[in-house]
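The values are calculated or read from the model by the stated rules, or taken from the named source; none is laboratory data. Bear in mind the structure is a predicted one, so any value in this text is a computation, not a measurement. Counting neighbours? That spans all protein chains shown, and the Cβs are built from the backbone with ideal geometry, glycine included. Surface areas here come from the heavy atoms of the whole protein model, side chains and all, with no ligands, DNA or RNA. Shrake-Rupley method; radii C 1.70, N 1.55, O 1.52, S 1.80 Å.
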Amino acid sequence: MPDCKEAFVTLATTDSYCMGATVVARSLRRHRTARSLVVMVTLNVSQQSRLALEGLFDEVIVVDVMDSEDHLHLALLRRPELGVTFTKIHCWTLIQYRKCVFLDADTLVLCNVDELFERDELSAAPDPGWPDCFNTGVFVFRPSLHTHGRLLDHALQHGSFDGGDQGLLNSFFSSWSVDDIGKHLPFVYNLSATSIYSYLPAFQQFGHNAKIVHFLGAVKPWHSSSQRDHSSSHAMEQFVRLWWNEYLSHTTSAGPGKQPNQDEEKPR
Ligand code: UDP
Ligand code: MN
């Protein structure tokens, strides 16, 4: 039985990101998570995509930031550029759950990562571009309307230094880099695909420990063809291939009771 008090949460505001959310759910189920799976979608996501997600997630929550509480509406009117950010921090309103792990829709889970729920808010892995900042593709949080309100206030007053959720969350949880090493997730929980190029020897040494791959950046796996690069031995292309295998797998609609059993080789 899934632990109803704890959930993995992702977000998709377009049909393309729904493809990513599909892979998040399938890869979590493949590795037999015991937690609930939640996806937040916006109204512009097609009904077809939404129905597909309903077959994979325990909860599909439709969020319409414009129709939400006044405070949120006001925040969005004053800072329209933060639209997707506000949608993401909506995850703090999921107070039916005691603790959650947020996963970007462009992540791929490679093994069971339920141990993440042993961590406290706000736990995250360093950002490869500026390691004193955490990357917001994978983070542990505790839903709370109080925290949600404070995040909105913070966004209204200070905006986001990078225009997205990562700038906002890093200035809100500003002591992350120095406070508590227990809140620093090992990099293998948010292995950005770009790091394979930027520090290849480290990837060769530690890459086999990868637990969650994050296709951070402008080019997402769903932008590339599933047919391309199959013969390539490059690790990055192998992760993209793994992503497509997960996306195209048809065995996972059985739900948590019946799990697929296709053990995948991790790229090295
Ligand atoms: N997202 C979305 N629609 C968008 C942009 C982003 O639903 O148009 C969500 C999605 O969950 C995505 C996350 O916000 O994974 C963060 O955006 P993205 O992964 O593109 O940023 P990156 O990790 O490349 O910085
Ligand atoms: Mn991402």
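Let me have the relative contact order for the chain, percent, based on Cα pairs under 8 Å that are six or more residues apart.
Values: 458 pairs, mean separation 54.9, N = 268.
This gives 20 percent for the chain.
Just want to confirm a number: the relative contact order over segment 103-205, from Cα pairs under 8 angstrom separated by 6+ residues, in percent. Don't skip to the end; give the middle numbers.
Details: 101 pairs, mean separation 30.6, N = 103.
Across segment 103-205, relative contact order equals 30 percent.
To check my understanding: the extent here is largest minus smallest coordinate of the Cα atoms along each principal axis. What are those three numbers for the chain, in Å, largest first?
52, 40, 33
For Asp153 and Glu118, what is the calculated FRET efficiency with R₀ set at 35 Å and r taken between the beta-carbons, to the nearest 0.05?
Working: r = 30 Å, r/R0 = 0.86.
Here the calculated transfer efficiency is 0.70.
Just to confirm the number: angle between the C-alpha axis of helix 235-248 and the first principal axis of the chain, 0 to 90 degrees, nearest 10?
The angle comes out near 80 degrees.
Any idea of the accessible area per residue across the chain, 1.4 Å probe, to the nearest Å²?
46 Å²
Identify all aspartates and glutamates with a Cα-Cα distance to Lys99 below 16 Å; exclude those on the same chain that are fewer than 8 residues away in sequence.
Qualifying aspartates and glutamates at Cα under 16 Å: Asp3, Glu6, Asp58, Glu59, Asp114, Glu115, Glu118, Asp120, Glu121.
For the full complex of protein chains and a 1.4 angstrom probe, list Tyr189, Tyr199 by accessible area with the highest value first. Don't skip to the end; give the middle numbers.
Details: Tyr189 20, Tyr199 145 Å².
Accessible-area ranking of Tyr189, Tyr199, largest first: Tyr199, Tyr189.
Enter the per residue convex hull volume of segment 99-188, computed from alpha-carbon coordinates, in Å³ rounded to the nearest integer.
Numbers: hull volume 9.3 nm³, N = 90.
Expressed per residue, the convex hull around the Cα atoms of segment 99-188 is 104 Å³.
Run the numbers for Gln96 and Leu145: contour at 0.36 nm per residue of separation, minus the present Cα-Cα distance, in nm.
Difference between extended and current length: 16.5 nm.
Using 0.36 nm per residue of separation minus the Cα-Cα distance, give me the extension gain between Thr194 and Ser175 in nm, one decimal.
On the way: separation 19, 0.36 × 19 = 6.84 nm, distance 2.60 nm.
Length gained, Thr194 through Ser175: 4.2 nm.
Where the accessible area of segment 146-194 is counted over protein heavy atoms with a 1.4 Å probe, how much of it, in %, is carbon and sulfur?
Numbers: 1140 of 2190 Å².
On segment 146-194, the fraction of accessible area on carbon and sulfur atoms equals 52 percent.
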